[in-house]
Amino acid sequence: RSAQFQLAVPVAVVFAPGSVPADLPRPLPFRDAQETDISVNLRTSVTSRYEVTYRGTTAREEAALDAATARDADVALHMLQDAPLGSLTMYVVPETSSLLPQGISVYVGKHRSALVRAEGGLAALRARLRQLTQVMSFTAASIAAALSDRVPDGQLGPDARRHLKSSLGYEITFSLLNPDPKSHAVEWDIEDAVNRYVQPVLDKLSLVANFSVDSQILYYAVLGVTPRFDKESSSFLLSAHSLPHVINPVEARLGSSAASLYPVLNFLLYVPERSHSPLYIQDKDGATVSTNAFHSPRWGGIMVYNVEAPASPQVSLPLRVDVDMVRVMEVFLAQLRLLFGLSREELPPEFLLESPGNEGLADWELDRLLWAHTVENIATVSTTLTSLAQLLDKIGNIVIKDDVASEVYQAVSSAQSAMAELSAGHLHSAFQASKEAVTSSERAFFDPSLLHLLYFPDDQKFAIYIPLFLPMAVPILLSLAKIVREARQRKKLPTKID
Amino acid sequence: MAAVGALVQLLLLLPAVLEAAAPGGTQRDTLREELLLSPLPAGDVAATFQFRTRWDADLQRGAVSHYRLFPKALGRLVAALGVRELHLALTQGFWRTQAWGQPPLQAPAGAELWVWFQPTVTDVDKAWKELSNILSGIFCASLNFIDSTNTVTPTASFKPLGLANGTDHHLLRYAVLPREVVCTENLTPWKKLLPCGSKAGLAVLLKAERLFHSSYHSQAVHIRPICRDASCLAVSWELRQTLTVVFDTFSSGQGKKDWSLFRMFSRTLTDACPLASQSKVYVDISPKNKEKDLLEVTPPPTSIHEAIVQGDKRTYAVYDLLSPSLFNTSRSLNVQLKWKRPQDSSELPTPVLHAQRYVSGYGLQTGEISTLIYNTHPYRAFPVILLETVPWYLRLYVHTLTIITKGKENKPSYIHYQPAQDRRRPHLLEMLIQLPANSVTKITIQFERALLKWTEYTPDPNHGFYVGSSVLSALVPSVIAMKDVDVEQSPLFTSLFPSSDGSSYFVRLYTEPLLVNLPTPDFSMPYNVICLTCTVVAVCYGSFYNLLTRTFHVEEPSRGGLAKRLANIIRQFRGVPPL
C-alpha cells in the first residue's frame, strides 16, 4: 500500500517586454524546477515538481497581448498555443499594463493560460506564480481528497468526501417527482434542457469518463419527512437536520441501474403536494435556502420546485405546470460541479477567474479533475492488487487462471507507466494508463474464479478429520503426560538420595 | 437497393423526428387499466388486472432516454440488450382448465420467460443470460437459475405476439423454472412498475395478503412492439402488466357464490389512476344455460358490453371509473354480485381444448410421461402444437413415443426433437398433432432416470425434481363467427393474442408440472464413512502405539489376583488348604 507519487507540471512563464524583473538570476530563456512534498500518510507521499521554463514573448504573442481586454487576449493567445493537457502558460505583463482591470493582478483564462501583473521583485512574482500554479493544477487539499481512503480520519475537511469516486463512467438520472398527480399535471422539457445545458459540460468531461443521461417521472413518490407548517410565512418548512431522512423512501422508487455497473448521480426535482406547498428548505440557522435545493455527497441533489397557487380557487384540477428548466438546470449544474469537486475555491481578491461560459468547465478545471483522478486511480489499483494479494496469501491452493494473471500483469505495468508518465508531466497519457490499470485490476479482482467461498477453508477440513485426530491424539497425549511425570520423578529421586 | 433502404429508413424516421420536435404538449404515452371479474363455473371468481402502457417512441434506436409512464428499468433493458419481445410470468398454483374453463391468460406454475431478440443481436445466448440476471434483480425472482440446462429454442410454439418481420427462431429463447415460489417480494417490484404504483386506480386492490390467499396467482409482464396506427409505418412499444388471481368464494362464503370487491380484496375502488386514459371494470354476467337474470350486480353498471371471447358470446357489465356519474351517489365503488337462485353446479361446461399430464411407472429406474389432450368440439377437428421440455436427467426413449387417438395411432405431421446433452441442454420435443372431433389423444413416452453427481442435487432432493409444464398452442375453431376488432378500442383482455380470422381463436394451455423422484443417495454417508474409517484407523493406531511404546516386564505373582483370593475363600469353606 505504500506509494510514492511524483507529479510533474510543465509551466511556461512568458515575460512580455517591460515586465522582466531586474533580479533575474540568468538571462532568458532558462529552465528551473521546484519540488514540494505533500504528505498524505506514512506510506504514501506525493512530490509535486514544477518544471518552469522562463522565456520572452514571441512576436505573435506580443501582438496577442496588445488586445484591449484580458478576455480578448486570452482568446488570441489560445489560437497561438497548442498546450497539451496539464501544461500551463503564464504571461507576465508589465505593471502598468491596461490589460488587467484595476485591482486585479492575476487573470485566469478559459484555457490553460493566465495573465499575471509584474509587481514587486522576483521573489514576490515567484510566490504569486506558485499560488497560481496550484490553483490551476492541484493543491495539497485536492490530492488529499483524491487519496481520501488513505488519509486518516479527522485530517480531512468536510468537503473532501463529497467528491465522486473516480470511475470509468457515470450515469446521470434526472427524476421529476410528482407526489400529487391529481392536482398537478407537471410537464418538463427535459430532452431540450439536457441537450442545451448538460450535454456541453458532459462533452467536455467525456475525456474523464463515459456519461449517460436519462430521465424519468415518478408519480406518488413522497419524501420521507412531513414538513412543518410555519404560520408566519404560511408555508411549509423542511429543516436541515431532517434532510438526511428525505432520500431513503424516494431511493426505493428511483430504480437502480440494473443494466450497468457505473455509479449513478441522481438529480431529483420535487414538486410538493398541493396540501404541502409552498415548501421551503431551511438551513441550520433557520433561514430559507434561496435555491430551495440541497445535495447529498456522492449521491446527487434534490431541488424543491414550488407551484404557484392558482389565482382563483375554482381552477379545474389538475393544474398544468410547465417547469422552468433554466432555473432548474442552473441548480443541477452547480450541484454537478460540486459533486465532481470542481467548486471554485476561495481565492484572494486580486484573482479574476474567467467564467467558463456555455461549456461549464474551463480547460484548466478539466486538468485539475484529471490530476486528481489519475492519482486516485493509481491508488485504487494499488489497493485492489494489495487486497488480491492478501486473498492469495490466505488461501494457498487458490487457482489463478492465465487470463487473471495476465490482467494482473497488465494492471501493474499500466500503473507503472501511469506513474512514469505522471513524473514526466504527460497528464493525458498518464490518465489513460491509469484507466487501463483500473479496468484490468478490477477485472482480475472480480473474476468469478477468485471467490474465496469456492475454496474449502482449512479449519473446516480439520473439523472433518477430528474423528481421526482425536482418538489418535489420546494415546500420544497420555504417553506425553507419562513421560513428563517420569521425568519429574527422576529429577526428584536423586535429590532424595543425596 | 441500399439507397432505397436508406430512403425508407429516412421516411420512417421523419415522423419520429417531427414528433420529437413538437413541444411536450401532446402525450406520447398512454396508460389504460382494466379489471375483469369473471365468475367461474365451479363457484370461484377470477380477477384479471391489466395495465397497458403504450409509448409512441422507438426504444431500439437508443436515442430515447426520457421516460414518463414507461418504467425506466424495463425500457433501458429493452434498449440495451436488443430485446424485441419479452414475456415474463410468475405464477403460484395451477389453472384448472377443466373446472374453470378457458383462461384469459394462463401461465405455467413457477416462472416462465420467453424472449425474442432483435436480429442485430450477435450473441443471443450471452444477451439471454444477461437479461435473465437483470430481470431476476428487478423482480426478486430466481431467474438467475436460467442457464443452458433449462433453456430451449422452440421452432413452432412461440411466435412473436407483436410486430415482427421475420421469425427466425434462433432469436427466441424460452425457459421455465417450475420450482420457483411466487410471493410478496415478487409482487412489490411488479407494482412499482405501474405509473400510479398501488396508490391510486385499480392497483389499490392489489393487497398482497389477499392476493396470495387464493387458489391461483399469476403476474406477468409483456413487452412488445406494436403498430402505431393503422398504416403501421412507425413502431410503438407496449408494456402490459397482467395479474390474474382466483378466489375461492364458495368455501369462504359459507357455501354461497355471492361476492363483492370488498370481500375479495378487503378494499374498494375510490378513483381511477389520474394518469390513465381509460380505467374500467368488467364483470362477466353472461347468461348460462339460456336462463337470463340469474344474477344481479350492484351498483348498476355504466354500460353493457357484448363481445365474443374465445368462441363464446359473453356479456359484460362495465364500470367506467372515469365517468363522473359513477362516484356521484357513493364515494367508493364496491361491485357486488348476487345469485338470485342457487344454481346446481353439477354440469360444468367443458372447454373445447384441455389437457392432463402425469407420470407413471414404478421404481427408480424407468418411468413414463403420459399426456392426454381432449378435443370436445362436437364436429371440428383441429391441429395443436405440443411443446415438451424435459430436463436432461430424465433420459427420454424417443422410440417409445406413441400417440394414440380413438384406439388408432395418430401420426404427427411435424416433429422437432432435440435430444438432451448431459448437463448442457434439455430435451425439446415439438409436435403438430391433429385432434379429431370429440376425441382424446394419449401421448406417452418412456424415460430413464439418470444418476446425478452429489453436488447437482437441489436442497431437499427427496421432495423430487420438477419437470416444467408442456405447452399446447392451438387455433381452436369458434362456434360463433368473430368480428375483427380494433385493438385500441376493445377491452384489453381480448387483445393480447392476435386473432387470425373470424373462424378460430388462439389458445395457449399449460399442463400440470410433474414431480419426479430421482434415485437420491444418503447425503450423510460420506461423513459417516469418514467417521467410521477414522475410528477404525484410530483404534488400530492406538493399539499399535501402545505395543510399540509400552515396556513389558514380567511381574512376580505376590499375593495373587482376585481369582486366587476367591478360590482360597472357597477352599477355606471346603476345608482344603489354600493355594
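The values are calculated or read from the model by the stated rules, or taken from the named source; none is laboratory data. Not measured: the values here are computed from a predicted model. Ideal geometry is used to build each Cβ from the backbone, glycine not excepted, and the neighbour counts take in all protein chains shown. Heavy atoms of the whole protein, side chains included, go into the accessibility calculation; ligands, DNA and RNA do not. Shrake-Rupley method; radii C 1.70, N 1.55, O 1.52, S 1.80 Å.
Here are a few things to note about the model shown:
- Antiparallel DSSP beta bridges within chain B, as percent of all bridges there, nearest 5: 95
- Counting DSSP beta bridges with both ends in the protein assembly as shown, the antiparallel % (nearest 5): 70
- Packing, as the average of other Cβ atoms within 10 Å across residues, places the peptides A:89-101, B:530-542 in the order A:89-101, B:530-542, highest first.
- Total charge dipole magnitude, chain B, about the Cα centre, Cβ charges on Lys, Arg, Asp, Glu only, Debye to nearest 20: 1480
- For the stretch B:522-548, residues shielded by at least 40 square angstrom of accessible area compared with the chain on its own, probe 1.4 Å: B:527, B:530, B:534, B:538, B:541, B:545
- Span-like helix ranges in chain B, DSSP H, alpha carbon extent 24 angstrom or more, Kyte mean at least -1.0: B:2-21, B:525-549
- Peptide B:65-78, shielding by other chains (average Cβ, 10 Å cutoff): 6
- List B:83, A:326, ordered by accessible area with a 1.4 Å probe, largest first: A:326, B:83
- Using the rule -39500 (n - 2.57) for each DSSP H run of four or more residues, divided by the residues of chain B, the 222 nm mean residue ellipticity is -6000 deg cm²/dmol.
- In the stretch A:169-340, a dipole from Cβ-located charges (positive for Lys and Arg, negative for Asp and Glu) runs towards its positive end, and of A:269, A:339, A:323 it is A:339 whose Cα lies farthest in that direction.
- Interchain or long-range residues, amide H under 5 Å from residue A:300's placed H: A:266
- Using a cut-off of 19 Å between Cα atoms, the listed pairs B:159/B:313; A:165/B:126; B:207/B:340; B:192/B:280; B:256/B:340; A:182/B:199 include B:159/B:313; A:165/B:126; B:207/B:340; B:192/B:280 as exceeding that distance.
- Partnerless Cys - the protein assembly as shown, beta-carbon criterion under 4.7 Å: B:140, B:183, B:531, B:534, B:540
- Per residue, the average separation of C-alpha pairs within less than 8 Å and at least 6 apart gives chain B a relative contact order of 14 percent.
- In Hz, Karplus ³J(HN,Hα) per residue of the stretch B:401-409 (6.51, -1.76, 1.60; θ = phi - 60°; x = Gly, Pro): 5, 10, 10, 10, 10, 6, x, 10, 6
- Considering only A:142, B:339, B:118, and ranking their Cα positions along the charge dipole of the protein assembly as shown that arises from unit charges at the beta-carbon of Lys, Arg, Asp and Glu, the one farthest toward the positive end is B:339.
- In this structure, residue B:453 and residue B:207 have a Cβ-Cβ separation that, at R0 = 45 Å, corresponds to a calculated FRET efficiency of about 0.50.
- Residue (of B:525, B:151, B:511) at the positive-pole extreme of chain B, dipole from beta-carbon charges: B:525
- On association of chains A and B, roughly 2900 Å² of accessible area becomes buried (total for both chains; probe 1.4 Å).
- Residue A:327 sits among other residues whose Cβ lies under 14 Å from its own Cβ, and their net charge, with Lys and Arg +1 and Asp and Glu -1, is -4.
- Per residue value of the accessible surface for the protein assembly as shown (all protein chains in place, 1.4 Å probe), Å²: 49
- Net charge of the neighbourhood of residue B:365, taken over other residues with C-beta under 13 Å away and scored Lys/Arg +1, Asp/Glu -1, is 0.
- Using C-alpha pairs below 8 Å separated by at least 6 residues, the relative contact order for the stretch B:37-83 is 27 percent.
- Using only side-chain charges placed at the Cβ, +1 for Lys and Arg and -1 for Asp and Glu, the dipole size of the stretch A:370-454 relative to its Cα centre rounds to 100 debye.
- Environment charge of residue A:66, counting only residues whose C-beta is closer than 11 Å and scoring Lys/Arg +1, Asp/Glu -1: -2
- Proximal lysines relative to residue B:408, as straight alpha-carbon distance under 28 Å, when same-chain residues fewer than 8 apart are discounted: B:442
- Screening chain A for whole DSSP H helices with an alpha carbon extent of at least 27 angstrom along the helix axis and a mean Kyte-Doolittle hydropathy of at least -1.0 yields A:363-394, A:402-424, A:466-497.
- Packing, taken as the mean count of other beta carbons within 10 Å per residue, orders the peptides A:302-308, A:376-382, B:433-439, B:52-58 from highest to lowest as A:376-382, B:52-58, A:302-308, B:433-439.
- Mean separation of Cα pairs under 8 Å and 6 or more residues apart, divided by the residue count, gives the stretch B:30-339 a relative contact order of 23 percent.
- Taking all protein chains as they are arranged and a probe of 1.4 Å, the heavy atoms of residue B:522 leave approximately 90 Å² accessible to solvent.
- Rounded to the nearest 20 debye, the dipole size of the protein assembly as shown about its Cα centre is 4900 debye, using +1 on the Cβ of Lys and Arg and -1 on the Cβ of Asp and Glu.
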